[in-house]
Ligand code: COA
């Protein structure tokens with residue numbers, strides 16, 4: 001049961017009393033329970049491995065996380081001792097989820113905590129930085145929903161890791177709030193830098209002129225948002241209010257293009273809810289007052305997003321149909337990713353005075369069946385719509401920008417065909433006519 005953070009002059013004693021070996025911490029887990037982990041690089045890797053090693057002793061345990069780097073519990077969902085339930089699917093868990101060794105929970109990141117609220121969370125586990133002089137540890141690169149776990153899980157176990165950056169914002173947990181501590185200094189998971197390629201550069205150059213100096217930027221996950229970030233170095237007085245703080249954001253702050261001076265909220269600060277990048281980024285974030293992290297229920301709240309100065313959101317998608325719906329998380333019915341905050345930022349940018357949202361994708365994709373158009377007449381059966389057609393403003397490929405906001409079905413269909421790869425335009429036009437879209 002949660003206790004509020006309490007000032008303890010002898011917090012070091014409290015820390016020592018709560019300290020266990022990683023193996024002993026893993027032994028706390030009982031059958032018939034749910035473990036909820038902080039997700040992504042906030043998953044306490046050593047503790048999870050130790051729980052995994054005990055898997056055969058446990059029955060009917062559910063392990064929930066968000067974008068785990070790899071599935072420690074890659075057992076068939078129904079037959080395993082520990083069932084895996086991911087709230088975002090990234091490269092780490094993708095294959096296992098697709099093969100049925102786990103499942104995915106559907107949600108928008110802004111509402112994740114509301115969706116978690118109905119669950120019994122027997123254990124909340126997370127990786128944190130070492131304590132500061134008052135006994136506060138930082139959630140580091142995964143602030144997201146960590147505080148919600150601290151306040152709502154039956155038993156809170158933290159893995160203290162000296163490699164976890166101590167980040168600023170609403171990002172701290174006090175030793176008095178946790179039940180057990182274990183220690184292991186593993187490297188913090190990183191995302192390899194995606195080099196800018198010709199297509200992503202072309203897309204970035206198309207978006208560049210739409211972004212005014214002074215805008216507040218959100219850059220999503222993927223190669224194209226990264227390329228847009230590089231191009232923004234030529235702008236002035238930009239702000240950052242983004243779900244993820246990346247290497248690109250660091251470079252923009254260092255270059256001076258981002259100074260957050262025109263922000264309506266959190267002036268002079270870049271805001272995020274988690275970070276993903278290299279060790280260099282994590283070292284840079286350590287105690288860095290230029291960047292603050294807040295829970296996702298705040299950063300991704302479409303109302304908060306809408307209050308930013310000229311919010312521009314740039315998110316990648318996998319496929320768009322002629323009605324203007326975007327599928328960003330599945331290939332057919334195969335779960336490939338999650339929606340994360342994509343929907344939140346499209347909605348928030350739509351409500352923001354002067355706000356703009358861009359959904360970006362390459363016009364073609366290489367598949368087992370050859371090269372396919374990512375602009376399609378209609379999605380194949382089973383495809384999941386991630387961002388609905390009412391909230392999408394612009395769709396961008398290397399062939400141009402299709403403006404969908406305020407456009408009729410006829411206009412949006414023509415606009416989308418005009419940015420499809422030329423080899424597929426005739427086919428798309430014929431299908432659009434058949435469907436009476438044009
Ligand atoms: N049919 C079949 N395959 C397709 C496809 C289609 N229509 N469209 C894309 N693909 C394939 C690509 O060919 C590529 O496969 P490859 O790696 O074998 O070449 C893969 O799907 C996508 O490439 P990936 O490298 O994973 O793309 P990315 O890193 O640029 O990420 C998204 C793109 C859409 C997966 C990612 O942006 C995402 O997860 N978005 C949703 C979440 C989000 O936007 N959150 C926003 C807030 S941070």
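Key figures for this structure:
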| item | result |
| --- | --- |
| Yes/no for residue 334 being touching a residue at least 40 places away in the same chain (Cβ under 8 Å), over 14 Å from residue 217 (Cβ atoms) and more than 16 Å from the ligand (Cβ to nearest atom) | no |
| Residues satisfying the stated conditions in region 314-329, i.e. touching a helix residue (DSSP H, G or I) at 6+ places or on another chain (Cβ under 9 Å) and within 15 Å of the ligand (Cβ to nearest atom) | 314, 315, 316, 317, 320, 321, 322, 326, 328, 329 |
| Matching option when the condition is more than 21 Å from the chain's Cα centre (by Cα), within 15 Å of the ligand (Cβ to nearest atom) and either buried (at least 16 other Cβ atoms within 10 Å of the Cβ) or modelled with pLDDT of 95 or more (or both), among 374, 367 | 374 |
| Verdict on residue 271 being part of a helix (DSSP H, G or I) and modelled with pLDDT of 95 or more | no |
| Pair list, Cβ < 7 Å and 6+ apart or interchain, from region 354-379 residues that are over 14 Å from residue 325 (Cβ atoms) to residues that are part of a loop (DSSP other than H, G, I, E, B) and near the ligand (Cβ under 9 Å from one of its atoms) | 362/374; 363/374; 364/374; 365/374 |
| Residue match in region 412-426 (condition: at pLDDT 95 or above, surrounded by 23 or more Cβ atoms within 10 Å (Cβ to Cβ) and within 30 Å of residue 263 (Cβ to Cβ)) | no |
| Unmet requirement for residue 302, which otherwise passes all of (1) at positive phi; (2) more than 9 Å from the ligand (Cβ to nearest atom) | (1) |
| Where a residue in region 205-222 is closer than 18 Å to residue 309 by Cβ and without any contact (Cβ under 8 Å) to a residue 40 or more places away in the chain and its partner, wherever it lies, is more than 16 Å from the ligand (Cβ to nearest atom) and outside any helix (DSSP H, G or I), with Cβ under 7 Å and at least six apart | 213/235; 213/236; 213/237 |
| Residue count for region 381-403, restricted to those that are in a loop (DSSP other than H, G, I, E, B) and over 26 Å from the mean Cα position of the chain (by Cα) | 2 |
| Residues within region 404-419 that are more than 15 Å from residue 432 (Cα to Cα) and either touching a strand residue (DSSP E or B) at 6+ places or on another chain (Cβ under 8 Å) or in a helix (DSSP H, G or I) (or both), tallied | 2 |
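This table checks each residue for (1) in contact (Cβ under 8 Å) with a residue 12 or more places away in the chain; (2) touching a helix residue (DSSP H, G or I) at 6+ places or on another chain (Cβ under 8 Å); (3) closer than 23 Å to residue 270 by Cα; (4) more than 9 Å from the ligand (Cβ to nearest atom).
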{"position": "295", "(1), (2), (3), (4)": "yes, yes, yes, yes"}
{"position": "312", "(1), (2), (3), (4)": "yes, yes, yes, yes"}
{"position": "340", "(1), (2), (3), (4)": "yes, yes, yes, no"}
{"position": "345", "(1), (2), (3), (4)": "yes, yes, yes, no"}
{"position": "392", "(1), (2), (3), (4)": "yes, yes, no, yes"}
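The values are calculated or read from the model by the stated rules, or taken from the named source; none is laboratory data. A quick note: this is a predicted structure, and the numbers were derived from the prediction, not measured. All Cβ positions, glycine included, derive from the backbone under ideal geometry; neighbour counts span all protein chains shown.
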